[in-house]
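Chemist: The structure is given below, and queries will be raised subsequently.
The values are calculated or read from the model by the stated rules, or taken from the named source; none is laboratory data. Everything numeric in this text was worked out from a predicted model, so none of it was measured. The accessibility values were calculated without ligands, DNA or RNA, using every heavy atom of the protein model including side chains. Shrake-Rupley method; radii C 1.70, N 1.55, O 1.52, S 1.80 Å.
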Amino acid sequence: VMGAVAEDVVVECGSGMKKVERPSEEMIGRMGCRSWGIWGCEVSVFPWTYDDDEVCLVLKGSVVVTADGTGDKMSVEAGNIAYFPKGMSCTWDVSSPIEKHFSFGTRL
């Protein structure tokens, strides 16, 4: 499809945040995402600081993560893989209840 983001393309979103909008099942399998723990939350806005690198595979919902200091924003939704760097402080603005597989100490 013209204009569509290719599978497995890592997009830099500022402040060290990255995402893959269309991860292939091969990439998801290679990373082991579906064996990771699951976390979720309802619609909410809250601050968060990453004590370690985190990669997650979003199963449902959507969120906009805004980095403190820079104001860089990353929108993440169901089907995306996202990366958050160790030491980053941010605000999560969850617009649709979210559920994700996550792994700390993992990089994208």
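Chemist: Only one of these conditions is not met by Gly71: (1) open to solvent by less than 30 Å² (accessible area, probe 1.4 Å); (2) on the phi > 0 side of the Ramachandran plot. Which number is it?
Modeler: Just one mismatch for Gly71, condition (1).
Chemist: Suppose we keep only residues that are part of a loop (DSSP other than H, G, I, E, B) and under 24 Å from Gly32 (Cα atoms) within region 42-68. Which one would you say is most open to solvent (accessible area, probe 1.4 Å)?
Modeler: First, the residues of region 42-68 that are part of a loop (DSSP other than H, G, I, E, B): 42-43, 50-53, 68.
Still in the list and also under 24 Å from Gly32 (Cα atoms): 50-53.
Values: Tyr50: 4, Asp51: 129, Asp52: 57, Asp53: 22 Å².
Only one residue fits best here, namely Asp51.
Chemist: Under the condition of being β-branched (Val, Ile, Thr) and either at pLDDT below 95 or open to solvent by less than 60 Å² (accessible area, probe 1.4 Å) (or both), which residue from region 11-41 is farthest from Val65 (Cα to Cα)? Let's see the steps before the verdict.
Modeler: First, pick out the residues of region 11-41 that are β-branched (Val, Ile, Thr): 11, 20, 28, 38.
Imposing the further condition that a residue be either at pLDDT below 95 or open to solvent by less than 60 Å² (accessible area, probe 1.4 Å) (or both) reduces the set to 11, 20, 28.
Numbers: Val11: 15, Val20: 15, Ile28: 22 Å.
So, considering only residues that are β-branched (Val, Ile, Thr) and either at pLDDT below 95 or open to solvent by less than 60 Å² (accessible area, probe 1.4 Å) (or both), the one farthest from Val65 (Cα to Cα) is Ile28.
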